[in-house]
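J.: Got a structure here, written out as structure tokens. Questions coming.
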Amino acid sequence: MTCLIKEHFRKKMLERSRSDVPTGLLPLEQIQTAVAIVNMEEPAANLCKEELLSFFKKHDIQGEIFYLDFRKEAKDELQITSPQTTFRKKDLNWAGRPCPEKANYMRGHHPDLFISLVGKNNFPLQFLATCSQARFKIGRMQLPDQTFDLIVTHSPQQEILPAQAFVKMTEILKKIK
């Protein structure tokens, strides 16, 4: 019963926050701003950060990287990502929606491109991708509401790391004219 209630409220949150900006493929030359989401729980997340920053710099894109970090914090552990751009468990409400301050900060970048390097579906990612006003959205797996315009996936037998998925994404981006 609790799951049904949570799903009902999640559906309402998505409907209320859904971006009305039309999306589709954009040539790399038309992309001036971007936001990316990296899951800090996945292997080589720091490599993703470096790859993204290098790509943004090379293509003169104003980019911002946001992080999903739902790991349990140790008391003596230092956070290596910016608190302003990191979504932690404590930043989620009871239904899993990210806190409005951080979600609005991400939306305030008005990106042309939204990149998700998260390899599994979760409600915080679904909410952030759905509410993003980016004109082109790329992900590693499609979300239930068909949010992404481009998907770079892998076969079940051969899983790829987020950084490898991003390399494939950049190869495709360079081909879009």
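J.: Determine which lysines satisfy two conditions relative to K175: a Cα distance under 18 Å, and not lying fewer than 8 residues away in the same chain.
T.: K58, K137
J.: Still on this model: When the dipole is taken about the Cα centre of the chain, and only Lys, Arg (+1) and Asp, Glu (-1) are charged at their Cβ, what size is it in debye, to the nearest 20? Mind dumping the intermediate values first?
T.: Working: 26 positive and 21 negative charges, 85 e Å.
Rounded to the nearest 20 debye, it is 420 debye.
J.: Related question: Report the label-to-label distance for Q32 and E101 in nanometres (one decimal), using points 7 Å from each Cα along the Cα→Cβ vector.
T.: With each label placed 7 Å out from Cα toward Cβ, I get 3.0 nm.
J.: Excluding same-chain residues fewer than 8 positions from K89, which aspartates and glutamates have a Cα within less than 19 Å of its Cα?
T.: E7, E41, E42, D69, E73, D76, E77, E101
Every read-out reported here was derived from the displayed coordinates using simple, explicitly stated rules and does not represent laboratory data. Keep in mind it's a predicted model, so treat the numbers as computed, not measured. Ideal geometry is used to build each Cβ from the backbone, glycine not excepted, and the neighbour counts take in all protein chains shown.
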